[in-house]
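Trainee: If you scroll down you'll find the structure; I have some questions about it.
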Amino acid sequence: MNKDFFDAYPEMFLNEGTLQRMDLIRKTVEKRRPDTLLDIGCGDGGVGKAIEPYLGRYTGVDLSEERVELAKSRLTNATLQVASATDLPFPDEAFDFVLCSEVLEHVPKYDKAVFEAVRCLKKGGVLLVTTPNYHNLTQWLRIVAKKSLKAIGITKRSKWYDEPVPMKKLSMLFQRSSMLTLEKGTFFMRLYGFPSLPSQVNRLFGQVLSVIDRVCPAGLYAYFIIEKK
């Protein structure tokens, strides 16, 4: 991992899971070395800074105007703008590579986001998606716990939509979009609980998740590398 990655990412995000996800993204982009890349949900430019040496032109979109402005301060050879994943402001087949990392679980109409990503991808181009693995035991328990805690009022309802998408549903969407799955799998990212919980409850919940992680130490997050036919 190069120094630019650590310079770009706030220290709070530098955990084992982030490093594994970034390594997957970096290696995939480095292997393809696309002329044009679209990063859906580019955030503050951390991912763009890490993969910038391995591509021609970087384009990033995010819903947050503040994060887009921060990304602009970090990326010089880039096009960055505020836009929704479900309504991308680009023509058909505009990019050689589309990245959609940790985004679909935050989009209620995730199927539309997938179709938009595919629409903007050139034939023969690659789409890389990472998202929480709905089928992992720890993830499933996290979903159940979050809904239960909200129901009894221990946690506040978040303004952010956060619902992992089952891998089977994503696979079906890619098939409907005439996409060829080159590779799919899971990788590890430890879950520590919920920042919105009281500290003592959150600490206990994190300890429970850590025990489960040791029993099933892989597969908390899923990825797809897909080619447009």
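None of the figures in this text is laboratory data; all of them are computed from the coordinates on show. Here the structure is a predicted model, which is why all the values come from computation and not from measurement. Here the Cβ positions follow ideal geometry from the backbone for every residue, glycine too, while neighbour counts run over all protein chains shown.
Trainee: Please list, in order, the residues from the range 21-50 whose amide nitrogen is less than 16 Å from a point placed 7 Å along the Cα→Cβ vector of S64.
Mentor: 40-49
Trainee: So, one more: Of the listed peptides 33-44, 161-172, 48-59, what is their order by residue-averaged count of other C-beta atoms within 10 Å, with the highest listed first?
Mentor: Ranking, from highest mean packing down: 33-44, 48-59, 161-172.
Trainee: Per residue of the range 118-127, in order, report the coupling 6.51 cos²θ - 1.76 cosθ + 1.60 (Karplus, θ = phi - 60°) as ³J(HN,Hα) in whole Hz, putting x for Gly and Pro.
Mentor: Ordered by residue, 3J(HN,Hα) equals 5, 4, 7, 8, 5, 5, x, x, 10, 10 Hz.
Trainee: Can you compute the modelled spin-label distance between R33 and H135, with each label point 7 Å from Cα toward Cβ, in nm?
Mentor: 3.6
Trainee: OK, next. Taking R0 as 30 Å, what FRET efficiency do you get between E183 and R57 from their Cβ-Cβ distance, rounded to the nearest 0.05?
Mentor: The pair E183/R57 has a calculated efficiency of 0.75.
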